[in-house]
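Written below as structure tokens is the structure these notes are about.
The values are calculated or read from the model by the stated rules, or taken from the named source; none is laboratory data. Since this is a predicted model, take the numbers as computed values, not measurements. Cβ coordinates were reconstructed from backbone atoms using ideal geometry, including for glycine residues, and neighbour counts include every protein chain displayed. The accessibility values were calculated without ligands, DNA or RNA, using every heavy atom of the protein model including side chains. Shrake-Rupley method; radii C 1.70, N 1.55, O 1.52, S 1.80 Å.
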Amino acid sequence: MTLNTAMILAAGRGERMRPLTDSVPKPLLKVQGKPLIEYHLEALKRSGYERVVINHAWLGQQIESVLGNGERFGLDILYSAESRALETAGGIINALPLLCSDSKDEMFTVVNGDIFTDFNFEALPSFLSEGVEAHLVMVDNPDHNPKGDFYFTGHDLDPKQGSKLTFSGIAVYRKSFFAQQCSGVKTLPPMWRTAINQGLIAAQHFTGQWIDVGTPQRLNALNKKN
């Protein structure tokens, strides 16, 4: 079984990226002449994904104009427009009718639109074990997040023990992870912490290329490196 639906989170204003994002949405900033978000689309296509939902708010029409319906990527791209950015969890909840349009669509992948990585999406689990609601990809702590986010035990996340790692911005969720959540502006970290305390989140450690392209300095460094 292969996961065939993914969501790219692309609604953020990109405050730390200003002034670059004053006129261009962050996912369309270019790395080696190509919009950042296109690297995700190409990687998802290579890994067998067929449908991608992209949420947007700030300058979102530019994203639709550049990417279109996904035909040139061999993907079916759908858009979840937000009149104001609903944050990470809120954006996913708002897009659930697109992500899970079929009763059989119970799982989907979510990717932050502002990371650059060579992660192979085929490495994600094609199913989650019974009792597991989400699977997060963790990375070594970058300089800008030296204390990490969560404890990783080797196969799951724990409230108190393990190695502290940083969330990569890549995850797989069951639809049921969001079942009891109300719509509106909502972030994911409180939901993760609750689920970790309940033992509901599995994880893996990725050690390949990964950069959170969160500032103009990191974007410049990335362009010089490549």
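Roll a 1.4 Å probe over the protein heavy atoms and report the accessible area of PHE206 in Å², nearest 10.
30 Å²
In terms of the ratio Rg/(2.2 N^0.38 Å) built on C-alpha atoms, what value belongs to the range 126-220?
1.13
Of ALA202, ALA57, ALA179, which has the largest mean-square fluctuation in a 10 Å C-alpha GNM of the chain?
ALA179
In the chain, what % of DSSP beta bridges are antiparallel (nearest 5)?
50 percent
Leaving out ligands, DNA and RNA, and with a 1.4 Å probe, what % of the accessible surface on the range 180-225 is carbon or sulfur? Display every interim value, and only then the final one.
Working: 1290 of 2560 Å².
Result for the range 180-225: 50 percent of the exposed heavy-atom area is carbon or sulfur.
Can you give the relative contact order of the chain as a percent, counting alpha carbon pairs under 8 Å and 6+ residues apart? Before the final figure, lay out each step's value.
Numbers: 438 pairs, mean separation 55.1, N = 226.
Across the chain, relative contact order equals 24 percent.
Over all directions, how big on average is the projection of the convex hull of the alpha-carbon atoms in the chain, in square nanometres?
Here the figure is 11.9 nm², rounded to one decimal.
When only alpha-carbon atoms are used, what values of Rg and Dmax, in angstrom, describe the range 169-226?
Cα radius of gyration and Dmax of the range 169-226 are 16.1, 45 Å respectively.
If I take R0 = 41 Å and measure r between the Cβ atoms of GLN217 and ASP102 in this structure, what FRET efficiency does the formula 1/(1 + (r/R0)^6) give, to the nearest 0.05?
0.45
Grab the Cα-Cα distance for THR153 and GLU50, subtract it from 0.36 nm times how many residues apart they are, and report the gain in nm with one decimal. Show your work: numbers first, answer last.
Numbers: separation 103, 0.36 × 103 = 37.08 nm, distance 3.25 nm.
Contour length minus the Cα-Cα distance gives 33.8 nm.
Keeping every protein chain present and rolling a 1.4 Å probe, give me the accessible area per residue for the range 34-81 in Å². Could the numbers behind the result be given before it?
Numbers: 2000 Å² over 48 residues.
That works out to 42 Å² per residue.
Could you sort SER80, SER176 by their accessible area in this structure, using a 1.4 Å probe and putting the largest first?
Working: SER80 10, SER176 60 Å².
Sorted descending by solvent-accessible area, the residues read SER176, SER80.
How large is the translational diffusion coefficient of the range 36-80 in µm² per second when you combine the Kirkwood radius over alpha carbon pairs with Stokes-Einstein at 4 °C and 1.567 mPa s?
Answer, rounded: 122 µm²/s.
Suppose accessible area is computed on protein heavy atoms with a 1.4 Å probe; arrange THR194, THR207, THR166, THR117 from highest to lowest. Intermediate values should be presented prior to the final figure.
Working: THR194 75, THR207 105, THR166 5, THR117 25 Å².
Solvent-accessible surface, decreasing: THR207, THR194, THR117, THR166.
At R0 = 25 Å, how high is the FRET efficiency between ASN120 and ARG18 if r is their beta carbon distance? Nearest 0.05 is fine.
Details: r = 33 Å, r/R0 = 1.31.
So the FRET efficiency works out to roughly 0.15.
Return the FRET efficiency for the residue pair GLU71, PHE127: r is the Cβ-Cβ distance, R0 is 35 Å, and the value is rounded to the nearest 0.05.
The computed FRET efficiency comes out at 0.75.
Between GLY70 and residues 5 or more places away or on another chain, which pairs have amide H atoms under 5 Å apart, with H built 1.01 Å from N, and which residues are they?
Hits under the 5 Å cutoff: ILE77.
Convex hull volume of the Cα atoms in the range 1-128, per residue, in Å³?
109 Å³
Divide by every residue of the chain the summed helix terms, -39500 (n - 2.57) for each DSSP H run of at least 4, and state the resulting mean residue ellipticity at 222 nm, rounded to the nearest 500 deg cm²/dmol.
On the way: 5 runs with 51 residues, N = 226.
Estimated from H runs of four or more residues: -6500 deg cm²/dmol.
With the contact rule set at Cα under 8 Å and sequence spacing of 6 or more, what percent relative contact order holds for the range 95-225?
35 percent
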